Amino acid sequence: RQGKVGGAFDLGLPAYDLASGARLEERLEEPPRASEEFEVVLTEDDHYAVGLDVASGSVRFEGRRRQGSLGDEEVEVLTELWALNFRDLLVAKGVIPTATAGESLGIGGEALGVVTRVGSGVSGVAVGERVVCLPPDGMGRYLVTDARWVARVPPGMADEDAVSGTMVYATAWLGLLTMARVRAGESVLIHSAAGGVGLAAVHLSLRAGCVVYATASTAEKRAALL
């Protein structure tokens with residue numbers, strides 16, 4: 001099937017394979033279907049994590065033991081929803097190393113679920129509350145993380161909305177409000193403004209009273225911004 005793809009094709013320019021020099025065609029194909037289907041059956045106490053094999057480009061379910069006792073400032077969450085970002089694609093493809101700045105990176109940077117246990121020093125959330133949280137090392141059924149990275153889901157907010165904006169808004173907030181300290185009346189240039197972080201940056205800049213200049217790669221994306 002014919003269709004548009006990213007990069008040079010969006011600009012109407014030819015694209016080439018850097019290794020062979022061969023010209024690439026503009027074509028989309030159905031991915032091959034798996035030869036076997038399988039079902040994973042879990043009991044209430046079973047724990048799994050999603051493992052990543054960058055060399056083969058595959059992910060897999062791995063059996064894990066739930067953590068024993070929690071630290072004073074730790075929270076355990078039984079996850080229900082995960083959000084994937086562009087960062088996860090880069091990790092899966094090996095563009096970003098699976099270990100960065102001494103920390104292990106996995107697939108999935110934000111999750112929603114129910115608090116199952118809290119450490120003795122945790123007061124911001126309680127067992128049974130629905131929360132959004134940032135996992136320390138990727139997707140899994142249960143996650144344990146620092147209480148600073150856990151927040152209650154606001155009343156009336158849909159689960160999908162709560163989990164899908166955590167990373168992008170945190171990134172934009174850190175860059176614009178914490179580090180740049182933008183103020184009303186200042187001008188802010190935002191590249192790739194139609195993406196997740198870009199849209200969050202636009203919203204926060206406008207909320208702060210800034211004048212926003214934005215770029216986007218296609219006419220459709222530019223129209224969406226307007």
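Applying the Karplus relation 6.51 cos²θ - 1.76 cosθ + 1.60 with θ = phi - 60° to region 122-137 yields 3J(HN,Hα) values of 8, 10, x, 9, 9, 4, x, 7, 8, 9, 10, 8, 10, x, x, 8 Hz, where x marks Gly and Pro. Distance between the pseudo-spin-label points of Met157 and Leu84 (7 Å out from Cα toward the beta carbon): 2.3 nm. Counting only protein chain heavy atoms and rolling a 1.4 Å probe, the accessible areas of Tyr213, Tyr169 rank, largest first, as Tyr213, Tyr169.
Cβ under 12 Å from Gly196's Cβ, Gly196 left aside: what net charge do those residues give with Lys, Arg +1 and Asp, Glu -1? Here the count lands on -1. What does a probe at Arg65 reach in region 139-154, counting residues whose amide N is under 20 Å from the point 7 Å along Cα→Cβ? Correct set: 140-145. For the pair Leu225 and Val211, the difference between a 0.36 nm per residue extended length and the Cα-Cα distance amounts to 3.6 nm. If you model region 74-213 as an ellipsoid using its alpha carbon gyration tensor, with each semi-axis the square root of five times an eigenvalue, the axes come out at 28, 19, 14 Å, biggest first.
Summary value for region 138-226: 24 percent relative contact order, contacts being C-alpha pairs under 8 angstrom separated by 6+ residues. Database remark: amide H of Arg117 closer than 5 angstrom to the amide H of Glu76 (H placed geometrically; neighbours at sequence offset of 5 or more, or on other chains; Pro and chain starts carry no H).
The values are calculated or read from the model by the stated rules, or taken from the named source; none is laboratory data. Fair warning: this is a prediction, and the values are worked out from it, not measured in the lab. Neighbour counts are summed over all protein chains in view; Cβ atoms, including those assigned to glycine, are modelled from backbone coordinates with ideal geometry. Ligands, DNA and RNA are stripped out before the accessible areas are found, and what is left, the full protein with its side chains, is counted by its heavy atoms. Shrake-Rupley method; radii C 1.70, N 1.55, O 1.52, S 1.80 Å.
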